[in-house]
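Visitor: Let me give you the structure first, and then I'll get to my questions.
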Amino acid sequence: MEKSTFIALLPAIPLFSFLVLALFGNKLSRKATGFIGAGSIGIVALLTLIIATEFFHSLPQIKTYTVVVWEWINAGNLKVNISFSLDSLSLVFCFVITFVGFLIHLYSIAFMAKDEGIKRFFAYMNLFVASMLILVLADNILLLYLGWEGVGLCSYLLIGFWYKEPANGYAARKAFIITRIGDTAMIIGIFILFITFGTVNIHELMQLASAKWASGSSIAVITAALLLCGALGKSAQLPLQTWLPDAMAGPSPVSALIHAATMVTAGVYLIARTNMLFSLAPVVQFAIAIIGALTLLIAGFSALAQHDLKRILAYSTISQIGYMFLALGVGAWSAAIFHFMIHAFFKALLFLGAGVVILVLDEEHDIFKMGGLRKKMPVVFWTFLIGSASLSALPLITAGFYSKDQILWFAYSSESGSLWLWIAGIVGAFLTALYSFRMIFIVFFGESKTLPSFNAGKLMTVPLVILAVLSLIGGFVELPESFGNFHPFSKLIENVLPVVLIKDIGNLEILFQLLSAVIALTGVYLAYIIYFKKPSLSASFNHSHLNRFFEKGWGFDKLYDTLIVVPVVWLSEIDKNDFFDWMNIGLSKLALLLNSLFSITQNGKLRWYLMSFVIGIAFILTFMLYK
């Protein structure tokens, strides 16, 4: 079988396993459900490695594999195939989706073992993996949008997985509606591209846009802005970030896979894949950098004020994706993708570790009701510590240092960078170290407040260990000049994405690395003093209005309720008895009246039926006689 055929199997296998679980799940045992759910993703991860091996051997002669499965749409000028294309960019995403996804599926077998909805859970998770693979492998933007909406549907289903709790249903609807705002703008942008160029093939669209649209032209700016709106919604960036913290209502494996490692980075993929379009709209690309910088700061302060362990990680995810947007905005394309991969390792690890803590503490989410778990849960403690260290970008020993340091350097040194963007990034790095080790010292050190009810098994701890190792060594695929000048990752990505353009500012990178290292270590030290050594120092802030403001996500939910939700509800209330409602109410009342009249004839008495039959025959004969 040709390797290009394997590409089509990547989304096909999880889609097939979804159909099996959806149609025959009731006839499967829990063990069989876990085997099919996790096993199918394991097969896809293995296929990805096989494809990657062949892909690396073919470079640089062949940079893209393409396979056409069948003709999807052929209507007038619109011709669309179900076809997949694999290059360096999509390969990195496929690796994260399948390999990290497989570890999360393994973990889920134990995590969901006693849940009555385990079959439904694995069906939704496999449909998500299939949709995400369609999104990143699609060679045309319409098929990409199909995968885009597929992951949105699965996110809705999995956020509200425990649907018997009304709050979970609300969180699912909130995520679905807010992301629809961005998706609506995105589909308008797709329409503009098709109407203008007559094709939906992504490669052709980028070539035609580069040839026919002038840099800074209004049509390029409008189209790029519309696609950016879609990216902001899916990636939970300002101003569409409010859905992600509430999305933590779903099971922890959902948070690890969908809301940390994959779906929320779909916006990063979209911008990177259509980079030519954003290069033609410099004002929009600069806006991406500004949005990323503001988002990482706002989310960082919010994470510092949270009590719920998963909500801390949710705001952390928003902040880290802000770093990816900052990199995209300054033209550091490979740096954004590098941080995406490393972030997937340590953030999936942290969500899975948090899931174990919450599960063994009988669904306790409040970090201030935890404590002292370091000795009771050593594997979880050490892996969670490694994940937090990588998130905090502790120098030299963590993968997060190499990916985040690269973004901070390019935020200043690239031609689109500036000192202010670097300051935003470095302040965000300080906040990240502070809230990350706030978690560590409160949850794992100090006095025990809630005792674990059981010990997690190997199916839950082995994925943590593997992800912890990747969170340490994953950064060594891309080393800066001061640490060996080793760049295989960026060279791989630069087969698809442009090279970052650097200003002539001299050899200052080592200085910026030292500054970022000092900032990260300072954040850790302050967390040690404030939250472990002298916790009384944080008491006044914990009870302040500012802390409450940060905890509520800077009041964005209240603002949107005031400006949008309340007026819409008010208009709906006053408009509920308009002409159209009267007409519909009248039709329903007429139907009820006719129903009551005809029901009189159905009284169960045989003589009435016979008399009605005779009257009917007499009426028919009379009509025929006088016709």
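Visitor: Using the basic label-point model (7 angstrom from Cα toward the beta carbon), what is the F16 to A225 distance in nanometres?
Guide: It works out to 4.7 nm between the two label points.
Visitor: Of the options L328, L240, Q306, report the single residue whose Cα projects farthest towards the positive end of the charge dipole of the chain (beta-carbon charges: Lys, Arg +1; Asp, Glu -1).
Guide: Q306
Visitor: Pick out, from Q285, G216, G76, the residue whose Cα sits farthest towards the positive end of the charge dipole of the chain, with +1 on the Cβ of Lys and Arg and -1 on the Cβ of Asp and Glu.
Guide: G76
Visitor: Moving on to the next point. Once you have the alpha carbon radius of gyration of the range 1-105, what is it after dividing by 2.2 N^0.38 Å, with N set to its residue count?
Guide: 1.24
Visitor: A further question on this structure: Under a Cβ-only charge scheme (Lys and Arg +1, Asp and Glu -1), can you give me the dipole magnitude of the range 332-424 about the Cα centre, in debye to the nearest 20? Could you put the intermediate results ahead of the total?
Guide: Values: 6 positive and 6 negative charges, 58 e Å.
So the dipole magnitude of the range 332-424 works out to roughly 280 debye.
Visitor: Run down the lysines and flag those whose C-alpha is under 18 Å from the C-alpha of K376, throwing out any fewer than 8 positions away in its chain.
Guide: K449, K458
Visitor: Which is the longest stretch in the chain that no exposed loop site breaks, taking sites as chymotrypsin sites (Phe, Trp or Tyr not before Pro) with a DSSP loop state and at most 10 other Cβ atoms within 10 Å?
Guide: Numbers: sites that count: F454, Y626.
Value returned for the longest uninterrupted segment is 1-453.
Visitor: In the range 68-136, which trypsin sites (Lys or Arg not before Pro) are in a loop and have at most 12 other Cβ atoms within 10 Å, using DSSP for the loop call?
Guide: Numbers: sites: K79, K114, K119, R120; in loops: K114.
Answer by residue number: K114.
Visitor: Take the alpha carbon atoms of the range 373-387, find their center, do the same for the range 423-449, and report the distance between the two centers in whole angstrom.
Guide: One Cα centre to the other: 15 Å.
Visitor: Okay, next question. With +1 on the Cβ of every Lys and Arg and -1 on the Cβ of every Asp and Glu, and nothing else charged, how large is the dipole of the chain about its Cα centre, in debye rounded to the nearest 20?
Guide: Details: 39 positive and 32 negative charges, 331 e Å.
Using only the charged Cβ atoms, the result is roughly 1580 debye.
Visitor: Taking K27 as the anchor, which lysines have their alpha carbon closer than 19 Å to its alpha carbon, excluding any fewer than eight residues away along the same chain?
Guide: Here the lysines satisfying the reach criterion relative to K27 are K114, K119.
Visitor: Pull up the cross-link candidates among the aspartates and glutamates for K164, meaning alpha carbon to alpha carbon under 15 Å and not fewer than 8 places away within one chain.
Guide: D115, E116
Visitor: In Å, what is the Rg of the alpha-carbon atoms in the range 577-625, and how long is Dmax?
Guide: 17.3, 51
Visitor: Right, here's the next one. Which FRET efficiency, nearest 0.05, do E415 and K79 yield, Cβ-Cβ r, R0 35 Å?
Guide: Numbers: r = 39 Å, r/R0 = 1.12.
Using R0 = 35 Å, I get an efficiency of 0.35.
Visitor: Hey, another quick one. Over 21 Å between C-alpha atoms is what I'm after, so list which of K174/K558; K234/K369; K375/K533; K347/K533; K552/K576 land there. Write down the numbers at each step before the final one.
Guide: Numbers: K174/K558 14 Å; K234/K369 33 Å; K375/K533 18 Å; K347/K533 27 Å; K552/K576 33 Å.
Over 21 Å Cα-Cα: K234/K369; K347/K533; K552/K576.
Visitor: Quick one, which of (1) 28.7; (2) 26.9; (3) 26.2 is the actual Kirkwood radius over Cα pairs in Å calculated for this model?
Guide: Among (1) 28.7; (2) 26.9; (3) 26.2, the one calculated here is (3).
Visitor: Follow-up. With 10 Å bins from zero, work out the P(r) of the range 21-78 over every alpha carbon pair and list the percent per bin.
Guide: 17, 24, 24, 26, 9
Visitor: While we're looking at this one, here's another question. Could you give me the ³J(HN,Hα) list for the range 430-435, computed from phi with Karplus coefficients 6.51, -1.76, 1.60 and θ = phi - 60°, whole Hz, x at Gly and Pro?
Guide: Values, residue by residue: 5, 4, 4, 4, 5, 6 Hz.
Visitor: Turning to a different aspect of this structure: Work out the charge dipole of the range 455-579 with +1 on the Cβ of Lys and Arg and -1 on the Cβ of Asp and Glu about the Cα centre, then indicate which of F532, L511, L467 is farthest towards its positive end.
Guide: The residue sitting farthest along the positive end of the dipole is F532.
Visitor: Ok, one more. How much length, in nm to one decimal, is gained on full extension between I564 and K458, taken as 0.36 nm per residue of separation minus their Cα-Cα distance?
Guide: Value of the extension gain: 33.4 nm.
Visitor: How high is the relative contact order of the chain, in percent, counting Cα pairs under 8 Å that sit 6 or more residues apart?
Guide: Working: 994 pairs, mean separation 73.6, N = 627.
The value is 12 percent.
Visitor: Take the alpha-carbon centre of the range 278-339, take the same for the range 520-585, and report the distance between them in whole Å.
Guide: One Cα centre to the other: 20 Å.
Read the figures in this text as sums done on the coordinates, not as results from a lab. Just so you know, these numbers come straight off a predicted model, no measurement behind them. Glycine gets a Cβ as well: all are built from the backbone with ideal geometry, and neighbour counts include every protein chain shown.
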